[in-house]
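Data block below; observations after.
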Amino acid sequence: MTENSHFRQYLQATWHKLAISMLFALTAGLIYALPLQAAALPPKPDTGYLEGVVSMYEQVKTAPDSPSNRAFQAVLDQLFKPAAVQIPFRFVSESAGHRSINYAGNIYFSQGALFINYDTTESDELFATVDGQLYSWKPDATEGVILKRFPGDTLAFVMYMIDPSAIMRSIYSTYLEKPNEFTVSTDSSGTKSIIFKQVQNGFKGIRLQENPFWLKAFMLEPSQNEGIDVGNLEVDPPIALDQLPKGLTVLPTTVTFKPTQESLKNRMTYF
């Protein structure tokens with residue numbers, strides 16, 4: 001079992017315990033966002049994609065002065081105002097002061113086109129949107145799948161990848177409502193750590209960037225039998241790009257792709 005799979009199983013179990021007491025459904029509606037019609041390198045945003053983004057901005061307008069909605073708007077601006085974005089991510093374990101990267105990769109997104117890759121040590125799924133079809137495969141596999149599309153799939157999946165099951169946003173909302181339950185500190189780079197005074201079922205807290213606002217990491221504190229003293233899922237702020245790198249749209253010639261009835265809903269395993 002890969003480190004990624006091990007973490008996913010642990011995360012799924014601990015999140016189910018925490019979900020009862022936290023604001024779990026904050027972004028669940030994004031799965032059913034307005035229709036998107038993805039293309040690999042669209043010359044301009046298609047109507048369906050624009051409607052999906054507008055629907056999220058409308059959520060902000062319901063209470064534009066609330067701290068959580070101001071923060072959410074900053075996140076949306078970073079994701080959707082550039083022509084394309086690159087979002088590096090990684091899972092890091094720390095033990096006795098030693099930092100070890102379990103897996104790392106990049107999300108690329110542009111106007112509904114989604115690409116996700118991992119570094120050479122990772123065996124998780126890769127994704128590519130080419131000519132309106134969504135492909136997925138393992139790095140060393142000879143067969144891959146063409147996923148069944150559903151309205152809003154790539155937009156929902158991007159939001160899921162930057163904050164699985166809205167865990168970080170839920171913790172941040174809890175912090176705004178009950179700040180006395182947390183310890184807050186800021187490091188020399190300006191990153192703020194918001195830590196539960198009492199760890200909640202394995203969730204230790206989050207790290208964030210305040211200007212522009214971005215939820216950078218959530219921290220796990222598994223039990224000793226998990227073999228990790230501290231684990232952090234880190235998601236860097238988006239890097240604005242003029243366009244997606246052209247090499248992303250080139251599918252591997254060694255992989256045969258077949259249609260499947262599975263969709264990105266099957267990949268959002270923490271919902």
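Observations, loosely collected:
- Residues in the range 85-111 that are at pLDDT 90 or above and of a type in the set (Gly, Ala, Ser): 104, 105, 110.
- Take the conditions (1) more than 22 Å from residue 266 (Cα to Cα); (2) among the acidic types (Asp, Glu); (3) out of contact with any Asp or Glu (no Cβ under 8 Å at 6 or more places or on another chain); residue 125 misses just one of them, which is (1).
- Just one of the listed residues (128, 104) is of a type in the set (A, V, I, L, M, F, W, C) and surrounded by fewer than 19 Cβ atoms within 10 Å (Cβ to Cβ), and it is 104.
- Residue count, the range 113-123 (criterion: at pLDDT below 90 and open to solvent by 20 Å² or more (accessible area, probe 1.4 Å)): 4
- Failed condition for residue 54, given (1) at pLDDT below 95; (2) not in a helix (DSSP H, G or I): (2)
- Failed item in (1) open to solvent by less than 10 Å² (accessible area, probe 1.4 Å); (2) out of contact with any Pro (no Cβ under 6 Å at 6 or more places or on another chain); (3) touching a residue at least 24 places away in the same chain (Cβ under 8 Å), with residue 87 passing the rest: (2)
- Residue within the range 150-169 that is basic (Lys, Arg) and outside any loop (DSSP other than H, G, I, E, B) present: yes
- Taken over the range 65-78, the residue count meeting the criterion of being open to solvent by 70 Å² or more (accessible area, probe 1.4 Å) and farther than 22 Å from residue 241 by Cα is 2.
- Test: residue 177 is in contact with a strand residue (DSSP E or B) (Cβ under 7 Å, 6 or more places away or on another chain) and acidic (Asp, Glu): no
- Among the residues of this structure, residue 114 counts as one that is within 15 Å of residue 267 (Cα to Cα) and touching a helix residue (DSSP H, G or I) at 6+ places or on another chain (Cβ under 8 Å).
- Residue match in the range 77-89 (condition: within 22 Å of residue 211 (Cβ to Cβ) and of a type in the set (S, T, N, Q)): yes
- From 82, 164, residue being surrounded by 16 or more Cβ atoms within 10 Å (Cβ to Cβ) and modelled with pLDDT of 95 or more: 82
- All positions within the range 91-101 that are open to solvent by 10 Å² or more (accessible area, probe 1.4 Å) and at negative phi: 93, 94, 95, 98, 99, 100, 101
- For beta carbons closer than 8 Å, sequence separation of 6+ or different chains, a first residue in the range 91-105 that is in a strand (DSSP E or B) and a second that is of a type in the set (Val, Ile, Thr) and open to solvent by 90 Å² or more (accessible area, probe 1.4 Å), the qualifying pairs are 91/101; 92/101; 103/121.
- Qualifying residue in the range 168-183 (condition: open to solvent by less than 30 Å² (accessible area, probe 1.4 Å) and without any contact (Cβ under 8 Å) to a residue 24 or more places away in the chain): yes
- Of the strands (runs of 3 or more DSSP E) contained entirely in the range 170-271, those carrying at least 1 residues that are of a type in the set (Ser, Thr, Tyr) and modelled with pLDDT of 95 or more fall at 182-186, 192-200, 256-259.
The values are calculated or read from the model by the stated rules, or taken from the named source; none is laboratory data. A quick note: this is a predicted structure, and the numbers were derived from the prediction, not measured. Positions of Cβ are backbone-derived with ideal geometry, glycine not excepted, and every protein chain shown enters the neighbour counts. Heads up: the accessible areas ignore ligands, DNA and RNA and are worked out on the full protein's heavy atoms, side chains in. Shrake-Rupley method; radii C 1.70, N 1.55, O 1.52, S 1.80 Å.
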